[in-house]
Amino acid sequence: MEIAGISASFPTRKVSNQEVLDLIRQQSTEFEGDIDRAIRKVGLTLNYIGCKERRWLGKNDFAFDYTEQAINSALDKAGMTADAIDLLIFTSVDKRVAEPGMSFFVAKAMGMNCECFDITEGCGGWVRSTRIAQAYLNAGMYKNILIVTAEYTNHEGEPLFSNFALKNEQELEWAFASYTVGEGSTATVLVNGGEDWHYNNISKPEWADLCMAPLDENNPQVLQMNDVSMAGKGKHRFVSYSQKMQELSFDLVQDMLANNRVAANDVDLFIPHTQTLSVWKAFERNLDIKLPYIYLLPEYGNLVNNSMAAGLSIALEKGKLKRGDKVSGLMTAAGMSFTLFNFNY
């Protein structure tokens, strides 16, 4: 499977850490306790993990403009027009319809007459989509597959923005991750050719309640999750126990890196999902390796499903990736799901 064209598009609005802290103060009108201490804690943690700014939609921005830009750019790079696509896969945490799926609306907006479906796997949807695409391409079912991601849930009025209104410092345990999220869109055109991509996936459904976004306001029949996520229950509220997730998965991720089929010193580009920079440095020290990664968290924040495709696109723009290079990526996603993948670009 080959990437024929790939592109990422981001809003021009840049939101600094100080703006995030100001928003928390403005929104937390019912805070009980020392709001100054809570805000200092957020600021110190953002600096510690290496998050400096993130992109959000501005007041007069329209999300689909960026999705359209990414799709048109990816098609241009692939030397294709929209009617060449015979399968469109949409994969994002951000979904605006429950039925029939966002993929159909994206295809409609782009004037595409193709098969469509959505993939849901937290931040891991893009990687899962490439795996499905490869199987379809190898089977000869499709020739040109387009994967689209679009994440716009953090700016004012969106579901994640509600986490800026804290009631107490304890809520930071599950609300903090919202302050790192950035917005944008990506498009990836995949075709048959080259060598197969290789995947190693480990799923840990016993950790499913550590990162979730409930659709119901309060449904105890659904939220039977050992009561962990009940602290943040609420319709569309993003709940992510990020520190607990990191602690539980550290050894697992490190083992995946240690046992990668391609040695770190043979990889030309490594794309990590947006975890704490200090964690990746710890992996390098513990395994005595040097990862040639492109790390997007400082400039773009946690890009959710955009992260892997955006990493590839930005690496191409910066001259860090060329045809024939060996690429590895490691996605850690809600579920929880962990996927290490390798391919030749």
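None of the figures in this text is laboratory data; all of them are computed from the coordinates on show. All values reported here derive from a predicted model rather than from experimental measurement. All Cβ positions, even for glycine, are placed from backbone atoms using ideal geometry, and neighbour counts span all protein chains on display.
Select one label from (i) 33; (ii) 41; (iii) 18: the one whose number is percent of Cα pairs over 36 Å apart as derived from the coordinates shown.
Derived directly from the coordinates: (iii).
³J(HN,Hα) across the range 50-65 via Karplus (A = 6.51, B = -1.76, C = 1.60, θ = phi - 60°), whole Hz, x for Gly/Pro?
Each residue's phi maps through the Karplus curve to give x, 8, 10, 7, 8, 9, 10, 5, x, 4, 9, 7, 10, 3, 5, 4 Hz.
May I ask you to list the lysines whose Cα is less than 16 Å away from that of LYS167, ignoring any residue fewer than eight positions away on the same chain?
Output for LYS167: LYS41, LYS233.
Rank the residues CYS51, CYS123, CYS114 as a footprinting-exposure proxy: fewest other Cβ atoms within 10 Å of their Cβ go first. Walk me through the numbers before you get to the answer.
Details: CYS51 24, CYS123 27, CYS114 19.
Ascending number of Cβ neighbours within 10 Å: CYS114, CYS51, CYS123.
May I ask you to give the average projected area over all directions of the convex hull of the Cα atoms of the range 83-140, in nm² rounded to one decimal?
4.1
Of LYS108/LYS143; LYS95/LYS244; LYS52/LYS77; LYS95/LYS204, which pairs sit farther than 29 Å apart, going by alpha carbon to alpha carbon?
The pairs that break the limit, which is 29 Å between Cα atoms, are LYS52/LYS77.
Counting only GluC sites (Glu not before Pro) that are in a DSSP loop and have at most 13 other C-beta atoms within 10 Å, tell me the longest site-free stretch of the chain.
Here the longest run is 218-345.
Pull out the extension gain between PHE117 and LYS167, defined as 0.36 nm times the separation in residues minus the alpha carbon to alpha carbon distance; nm, one decimal. Don't jump to the answer; show the numbers that get you there.
Values: separation 50, 0.36 × 50 = 18.00 nm, distance 3.90 nm.
Answer, rounded to one decimal: 14.1 nm.
Please list, by residue number, every one of the trypsin sites (Lys or Arg not before Pro) in the range 131-184 that is coil in DSSP and has at most 16 other beta-carbon atoms within 10 Å.
Here the sparse-neighbourhood loop sites are LYS143, LYS167.
In percent, how large is the relative contact order of the range 267-345, given Cα pairs closer than 8 Å and 6 or more residues apart?
Over the range 267-345, the number comes to 36 percent.
Among the trypsin sites (Lys or Arg not before Pro) in the range 1-57, which ones are in a DSSP loop with at most 16 other Cβ atoms within 10 Å of the Cβ? Mind listing them?
Answer by residue number: LYS52.
Return the sequence-ordered ³J(HN,Hα) values of the range 152-162 in whole Hz as given by the Karplus equation 6.51 cos²θ - 1.76 cosθ + 1.60 applied to θ = phi - 60°, using x for Gly and Pro.
Karplus-based 3J(HN,Hα) across the range 152-162 equals 9, 10, 10, 6, 3, x, 9, x, 5, 5, 5 Hz.
Would you mind giving the three semi-axes, in whole Å and largest first, of the ellipsoid equivalent to the range 198-344 according to its Cα gyration tensor?
For the range 198-344, the ellipsoid semi-axes come out as 31, 17, 13 Å.
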